[in-house]
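The structure appears below as structure tokens.
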Amino acid sequence: MIDLKNISVDFDGFRAVDDVSLKVCKNDVYGIVGFSGAGKSTLVRTINLLQKPSSGEVIVNGKNLLSLSDKELREERKNIGMIFQHFNLLNNLTVLDNVIYPIRKLKISKAEKEKKARELLEVVGIADKAKNYPRELSGGQQQRCAIARALASDPEILLCDEATSALDPKTTKQILKLLKELNKKFNLTIVIITHQMEVVKELCNKCAVMDKGKIVESGSTLDIFANPKEALTKEFVETSTNVIQTIEEVKANIGILKENELLVKLNYLGESTTEPLINDLFEKFGVKTNVLAGNIEFITGTPVGNLIVSLSGDKENLGKIGDYLTKKKVGVEILGGKDGIF
């Protein structure tokens, strides 16, 4: 659906995007996450050539957009809707007329345009606001109007540029739920850029992490959350799970660990979240487990969990459980106690 090949974007000697290649498949909800200045907005704007790359290829639906004439490019852009952080609505037009605006020149009757706009307002949940002006709407309602407007030309692709950054947490969840529904209802391919890993976790099936114009890690959202490889990716994942804060709180309250006692973080994935591993550790190895903190959440329908525990037992048996947990596909990170036990 979208194939960016070796994209670079230069601004007066500054390279905002540096030789990035990225593939987005049909019906993906693809998240691109990074801190401010990472280059993610610039990269996404190359998909519809709102930002022309300095080098590389932009292939959308098998067509290299950079090789098209202006007229051909205008036609292709109708297939790519876009929503923004600050909504970009026309304040002098009603909500209904904002949605009609992209299709105002279509060779269909005014009644047909209005009918389509009202249907889209119904889909996004603000049909009762058709006669209102943008200034009379809440932030969430304005973004719903912007989404309806982006869908007016029946695009296959929807680009979201920090679409929830200006919204409160409750409204953000509502907009993400709506985008998820639209992905299924209209077979939309969605690319969303954000600095919030919570957004990726809630919405996306795939994601990429950007830093200094480059993609440092990419893959399925489940893989990224369950097994982040790069330091920056780990940092983003930890901000959305509060694991670091939890570990620090546990360490501050646990006191001095006893001889042959370990403070450990266990990472669970999929079926391992439902196995009685704590019971098994005692029955098989005589290792006692004290659960200090933990959580389980679902990433694209698969359970992913973390437990902060203290493990106690004789040194020999403690040394055996590392291999056992690995076989059970449970990640183990020693947070305190004697290193080298397992």
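In table form, for the structure just shown:
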quantity: Whole-number Å³ per residue for the convex hull built on Cα positions in the stretch 57-137; calculated: 132
quantity: Orientation-averaged projected area, Cα convex hull of the stretch 240-294 (nm²); calculated: 4.7
quantity: Mean shadow area of the stretch 242-336 over all directions, Cα convex hull, nm²; calculated: 5.9
quantity: Choice from Asn61, Asn98, Asn290 with maximal GNM fluctuation in the chain (Cα, 10 Å cutoff); calculated: Asn290
quantity: Taking the chain and dividing mean pair separation by its residue count, relative contact order in percent (alpha carbons under 8 Å, at least six apart); calculated: 17
quantity: Distance between the stretch 306-326 and the stretch 229-304 - C-alpha centres, whole angstrom; calculated: 12
quantity: Per-residue Cβ neighbour rank within 10 angstrom, fewest leading, Phe14, Phe186, Phe225, Phe87; calculated: Phe14, Phe186, Phe87, Phe225
quantity: Cα gyration tensor of the stretch 131-253 - equivalent ellipsoid semi-axes, whole Å, descending; calculated: 30, 19, 12
quantity: Order of Ile247, Ile254 under a 10 Å beta carbon neighbour criterion, fewest first; calculated: Ile254, Ile247
quantity: Amide H contacts of Thr189 (H built 1.01 Å from N, under 5 Å, at least 5 apart or other chain); calculated: Asn27, Ile157, Leu158
quantity: Options [x] 1.22; [y] 0.99; [z] 1.08 - which one matches Rg/Rh (Cα atoms, Kirkwood Rh) as calculated here; calculated: [z]
quantity: Residues Asp314, Asp12, Asp28, sorted so that the one with the fewest Cβ neighbours within 10 Å comes first; calculated: Asp12, Asp314, Asp28
quantity: Dipole in debye (nearest 20) - the chain, about Cα centre, beta carbon charges: Lys, Arg +1; Asp, Glu -1; calculated: 1360
quantity: Partner lysines for Lys327 [C-alpha distance under 26 Å; skip if fewer than 8 residues away on the same chain]; calculated: Lys229, Lys234, Lys265, Lys284, Lys288, Lys315, Lys338
quantity: Trypsin sites (Lys or Arg not before Pro) within the stretch 184-254: DSSP coil, no more than 13 neighbouring Cβ in 10 Å; calculated: Lys229
quantity: Once the Cα gyration tensor of the stretch 175-228 is diagonalised, semi-axes √(5λ) in Å; calculated: 21, 12, 10
quantity: Total formal charge among the other residues, if their Cβ is under 12 angstrom from that of Ile299, Lys/Arg +1 and Asp/Glu -1; calculated: -2
quantity: Semi-axis lengths (Å, descending) of the ellipsoid that matches the C-alpha gyration tensor of the stretch 65-186; calculated: 23, 18, 13
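Read the figures in this text as sums done on the coordinates, not as results from a lab. What you are looking at is a predicted structure, and each value in this text was computed from that prediction instead of being measured. Ideal geometry is used to build each Cβ from the backbone, glycine not excepted, and the neighbour counts take in all protein chains shown.
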